[in-house]
Protein chains: 14
Amino acid sequence: MITAKAFVLAVTILSAALAIGIGTIAPALGQGKAISSAVEGIARQPEAADNIRMTMLIGIAIIESLTIYAFVIALVLIFANPLLQLL
Amino acid sequence: MITAKAFVLAVTILSAALAIGIGTIAPALGQGKAISSAVEGIARQPEAADNIRMTMLIGIAIIESLTIYAFVIALVLIFANPLLQLL
Amino acid sequence: MITAKAFVLAVTILSAALAIGIGTIAPALGQGKAISSAVEGIARQPEAADNIRMTMLIGIAIIESLTIYAFVIALVLIFANPLLQLL
Amino acid sequence: MITAKAFVLAVTILSAALAIGIGTIAPALGQGKAISSAVEGIARQPEAADNIRMTMLIGIAIIESLTIYAFVIALVLIFANPLLQLL
Amino acid sequence: MITAKAFVLAVTILSAALAIGIGTIAPALGQGKAISSAVEGIARQPEAADNIRMTMLIGIAIIESLTIYAFVIALVLIFANPLLQLL
Amino acid sequence: MITAKAFVLAVTILSAALAIGIGTIAPALGQGKAISSAVEGIARQPEAADNIRMTMLIGIAIIESLTIYAFVIALVLIFANPLLQLL
Amino acid sequence: MITAKAFVLAVTILSAALAIGIGTIAPALGQGKAISSAVEGIARQPEAADNIRMTMLIGIAIIESLTIYAFVIALVLIFANPLLQLL
Amino acid sequence: MITAKAFVLAVTILSAALAIGIGTIAPALGQGKAISSAVEGIARQPEAADNIRMTMLIGIAIIESLTIYAFVIALVLIFANPLLQLL
Amino acid sequence: MITAKAFVLAVTILSAALAIGIGTIAPALGQGKAISSAVEGIARQPEAADNIRMTMLIGIAIIESLTIYAFVIALVLIFANPLLQLL
Amino acid sequence: MITAKAFVLAVTILSAALAIGIGTIAPALGQGKAISSAVEGIARQPEAADNIRMTMLIGIAIIESLTIYAFVIALVLIFANPLLQLL
Amino acid sequence: MITAKAFVLAVTILSAALAIGIGTIAPALGQGKAISSAVEGIARQPEAADNIRMTMLIGIAIIESLTIYAFVIALVLIFANPLLQLL
Amino acid sequence: MITAKAFVLAVTILSAALAIGIGTIAPALGQGKAISSAVEGIARQPEAADNIRMTMLIGIAIIESLTIYAFVIALVLIFANPLLQLL
Amino acid sequence: MITAKAFVLAVTILSAALAIGIGTIAPALGQGKAISSAVEGIARQPEAADNIRMTMLIGIAIIESLTIYAFVIALVLIFANPLLQLL
Amino acid sequence: MITAKAFVLAVTILSAALAIGIGTIAPALGQGKAISSAVEGIARQPEAADNIRMTMLIGIAIIESLTIYAFVIALVLIFANPLLQLL
């Protein structure tokens, strides 16, 4: 029989996997778009390469933060889930 | 048997994961689009780089706020859920 | 056994997460599009930068209001749900 | 056991969340598109900025009304639902 | 136990929310497209602004009528549902 | 217990809501596209504005008829459903 | 209990609603595309307006016939369903 | 209780509605595309209008035949279904 | 009770409807694309009209054959289904 | 009661319908694309018409083979299914 | 009652149909794209026709191999399934 | 009754079919894109044909390897599944 | 009856198939895009062919690594699954 | 009977497969886009090849990190899952 504990644990595991799985989709697309534009920009204006690359790095660092949020939630769910104390 | 408490906890965990997972999709795409345009703009008009980068940062900060809303909801659901007192 | 109270609470939590999750998708895309156009506009016409940035800010503030509606509904559902009195 | 009252309340909550969640998707996209065109228009014809901005504001106000409809339905469902008297 | 009355009421509430939720999607996109073209048209031909704005307003008023249909159905379902007399 | 009458009524309500909900999607998109082209056409050829606007109005009136079909079906289902006599 | 009659009636109602709902999607899109091209064509060649408008009307009349088929099926299902005699 | 006859009848009704519903989607899109191109072609080459219109009519007649197949199947299912004899 | 015969008949009916419904989607789109190109080609090169129209007709006849396959399967399932002998 | 034989027969019928239904989608789109390009090519280079048409015919014959595979599987399932001997 | 054997056979049949059905989607699209480009290339450079056609044939032969894999799996499942010995 | 063995065998068969079915989708699209570009490249630069064709063949061989992985998994599941020993 | 062991084995097999199936989709598309650009680049700048091909190979090797991760997970699940010891 | 342990293990395996499966989709698309732009950039500006390739490598290394997150979660779930101690 599926116990209450097992049910909560299973949902926790699935949730962590979904959070990180879904959480990588858009950031990767957004970063790919930004890098792609940066590379095209450098090819068109090589002398502005430093300026472009710096702007790109600031941008994809901010996008990376979005995945970090999802990664943090996933790790909290697996390693430090306060709700599991309530069982 | 799945108890009432376990059911609510499981839904809470899944909801938090979904909120942050879905909540990163569009902001990342939007930010990627904005950064991409900024980088292209700098490549086309290097002397307007500061103006462009500032506008871009204001914009993606506002978009970032959307994910923050979802992150706040997720954290509230996990760490300070008032509805769990009602059980 | 899943009690009536637990069922309503679980649905409330899931609803709040969905409302804010779905409610960020389109605003972020819309804002990203607006910012992207603004940045491109500044790169093309640097002397109209103030005019463009002001129009952009008015616009994304209005879009931001859409997510605020969803955020308000989510907070009302969690912290001040009148329907929970009826149970 | 899930009572009739609890079932109706749960559906009410979910409906309100869905109405406002789905109801923000298209307006935000539509507004983003309108703002984006307005910003591009100003960049191309700075001297027509007032005319463009006014047309844009009329337009996105009309679009905003669509979300208001959904918001009204959501608030009615939560705070003043006549159907709950029938239970 | 879920009574017949509760079942019909729940379906009514969900239907009203879906009708207005789905009913805003396409009108908002259509209006956004129309406004976007109008704004671009004004930027290209400022002297035809009145003509363009009037055509745009006629058009989006007709589109608005589509959402009104859905809004009417939603209000009828909630406030004046003849089918509920049959129960 | 869900009675036969309640089941039919619930399906009726849901069907009416779906018919009008789905029935607004494509007409609104189609009308938006038509209006958008008309507005662009007027901006390109202001002297042909009357001709363009008339063609546009004929067209979107025909498209409007599609939603009217769905609206008629929805009203018939709610207010004059012959099948409900058979119960 | 759900009787056989109620089940068939419910499916009939849902089918009618779906037939007309789905049956408006593509015709509206197709008509919108045709009208849009016609309007653009008139803007580009005002002297060919009659020729273009006539071709457009023939075309969208043929497309309209597709929705008529679905409308006919929906009306037959509601008002003159031979299968209901078999019950 | 749902009898075998009622089950088959319900599936028949739903199938007919789906067949005609789905069967209008692509033909309408295809016809819209063909008409749109024809109209654009006439606007570009008014002296070839007859040739273009004839080719268009042959084409959309062939596309119309696809929906006719689905309409035939739907009518056969409703009015002359040989499988219902086997019950 | 749903008998074995009724179950197989119901699945047969649904399958026939699905086969023809799905089987019209892509051929109609493909034919629409081919006709559209043919019409555009005639508008661009009226003197090659016969050559173009012939190539188009060969092509859409081959595409039509795809729907014929699905139509044949649907008719076989309804009127000459060898599997129904096995019951 | 649904017998084992009826279950296998029903799945067989549904499978055949799905195989041919899905199996026409992409080939029709692919052929439409190829024919469309061929027609455009002939319009641009009428003197290469034979060469283009031959290449097109080779290509769409190969694509046709893909649907033939699905058609063969469908016919095998209906008329010469070796697995039905195992029952 | 559904026996173990019938269940496995039914799944086998459905799997074979799905494998070949899904397995034709992308190869047909890919081949259509390749043929389309080849035809356009010949129209643009008739003197390179042999070179282009050969490259195209090598390519679509490789793509054809992908469907062959799926066809092989489907035939193995129907005619030489080693797993059926294990029952 | 469905035995444990039958359940595992059925899942194995379905998994193998899905693996190869899904596993052909993207490689075919990717290869089609690569071949299409190669053919266009040869049409634009016939003297670089050998260089282009070689690069294309290296590329699609690497893409082919992706489907091979899925094919290997499918064959392992059918012919040499170590997990079936554990039953 | 489905035993616990059979259930875990079935899920394992399905998971392995899904992991490799889904895991080939995007890498193949990404590689196809990269190869396509490389081939176009060589056609435009034949003298940079070595440089382009090297960059392409580095890139698609990195993308290939993504599928390798999924392949590793699939093989681990089938051949060396530590979780199966826990049963 | 499915035991609690088996249920949790099955969910764990499925979650790991889904996490890595979904986790490769977007990174591969993003990397493909970035490589594609880099290759095009080199073809347009061969003298900036080193600069472009370096920017590309920094970018796709950051994107690779997103899949690494998902890979880490998958490995943790399989080999070092702390939640399995709680059973």
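The values are calculated or read from the model by the stated rules, or taken from the named source; none is laboratory data. This structure is a prediction, so every number in the text was calculated from the model and none was measured. Don't worry about glycine lacking a Cβ; one is built from the backbone with ideal geometry, like all the others, and counts go over all protein chains shown. With ligands, DNA and RNA removed, areas are computed over all heavy atoms of the protein, side chains included. Shrake-Rupley method; radii C 1.70, N 1.55, O 1.52, S 1.80 Å.
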For this session: Please work out the FRET efficiency for the pair D:Glu47 and C:Asp50, using the Cβ-Cβ distance as r and a Förster radius of 22 Å; give the result to the nearest 0.05.
Result: 0.90
Problem set entry | Total formal charge among the other residues, if their Cβ is under 13 angstrom from that of D:Glu40, Lys/Arg +1 and Asp/Glu -1 | +4
Seminar exercise, completed: Per the C-alpha gyration tensor (a ≥ b ≥ c, the square roots of its eigenvalues), the protein assembly as shown is rounded if a/c is under 1.5, else prolate if a/b beats b/c, else oblate; here it's rounded
Exercise. Which value at 222 nm does chain G reach when only helices count, each DSSP H run of 4 or more adding -39,500 (n - 2.57), with the total divided by all residues and rounded to the nearest 500 deg cm²/dmol?
Worked result: -28500 deg cm²/dmol
Problem set entry | Carbon and sulfur %, accessible surface of the range A:20-87 computed with the full protein complex present, 1.4 Å | 66
For this session: Work through the residues other than A:Ile13 whose Cβ is under 14 Å from its Cβ and net out their charges, Lys, Arg +1 and Asp, Glu -1.
Result: +2
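Using a cut-off of 14 Å between beta-carbons, work out the net charge of the residues near A:Gln85 (Lys and Arg +1, Asp and Glu -1, A:Gln85 not included).
Counting the neighbours of A:Gln85, the net charge comes to +2.
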Problem set entry | Karplus (6.51, -1.76, 1.60) ³J(HN,Hα), θ = phi - 60°, over the range A:2-8, in Hz, Gly and Pro reported as x | 7, 7, 4, 4, 4, 5, 5
Problem set entry | Karplus 3J(HN,Hα) series, Hz, for the range E:69-84 with 6.51 cos²θ - 1.76 cosθ + 1.60 (x for Gly, Pro) | 3, 5, 5, 4, 4, 5, 5, 4, 4, 7, 9, 9, 7, x, 5, 5
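Averaged per residue, what accessible area in Å² does chain J show with a 1.4 Å probe, protein chains only?
30
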For this session: Taking the dipole about the Cα centre of chain A, with the C-beta of Lys and Arg at +1 and of Asp and Glu at -1, give me whichever of A:Thr12, A:Phe79, A:Gly32 is farthest to the positive side.
Result: A:Thr12
Exercise. Which far-off residues, 5 or more places away or on another chain, put their amide H under 5 Å from the one on M:Thr3, with H placed in the peptide plane?
Worked result: L:Ala4
Exercise. Could you list log10 I(q)/I(0) for the range I:1-56 at q = 0.12, 0.29 Å⁻¹, which the Debye formula gives when each Cα is one point scatterer?
Worked result: -0.50, -1.02
For this session: Read phi for every residue in the range L:17-28 and hand back ³J(HN,Hα) as whole Hz from Karplus 6.51 cos²θ - 1.76 cosθ + 1.60, θ = phi - 60°, with x for Gly and Pro.
Result: 5, 5, 4, 6, x, 5, x, 9, 4, 5, x, 5
For this session: For L:Leu87, put the label point 7 Å out on the Cα→Cβ axis and report which residues of the range K:53-87 keep their amide N under 13 Å from it.
Result: K:82-87
For this session: Quote the accessible area belonging to E:Leu86 in square angstrom, nearest 10, computed with a 1.4 Å probe and with ligands, DNA and RNA left uncounted.
Result: 80
Problem set entry | Candidates A:Ala38, A:Ala48, A:Ala26: whichever shows maximal mean-square fluctuation once chain A is modelled as a Gaussian network with Cα springs under 10 Å | A:Ala48
Exercise. Which whole-number percentage describes the relative contact order of the range K:16-87, with Cα contacts under 8 Å and a sequence gap of 6 or more?
Worked result: 52
Seminar exercise, completed: Ranked by GNM mean-square fluctuation in chain E (Cα springs under 10 Å), the top entry among E:Ile60, E:Ile68, E:Ile52 is E:Ile52
For this session: Mind putting a number on the dipole of chain D about its Cα centre? Charges go on the C-beta only, +1 for Lys and Arg and -1 for Asp and Glu, and I need it in Debye to the nearest 20.
Result: 280
Problem set entry | Interface burial for I against H (accessible surface, 1.4 Å probe, total of both chains, Å², rounded to 100) | 3900
Exercise. Could you give the dipole magnitude of the protein assembly as shown about its Cα centre, charging the beta-carbon of Lys and Arg +1 and that of Asp and Glu -1, in debye to the nearest 20?
Worked result: 3640
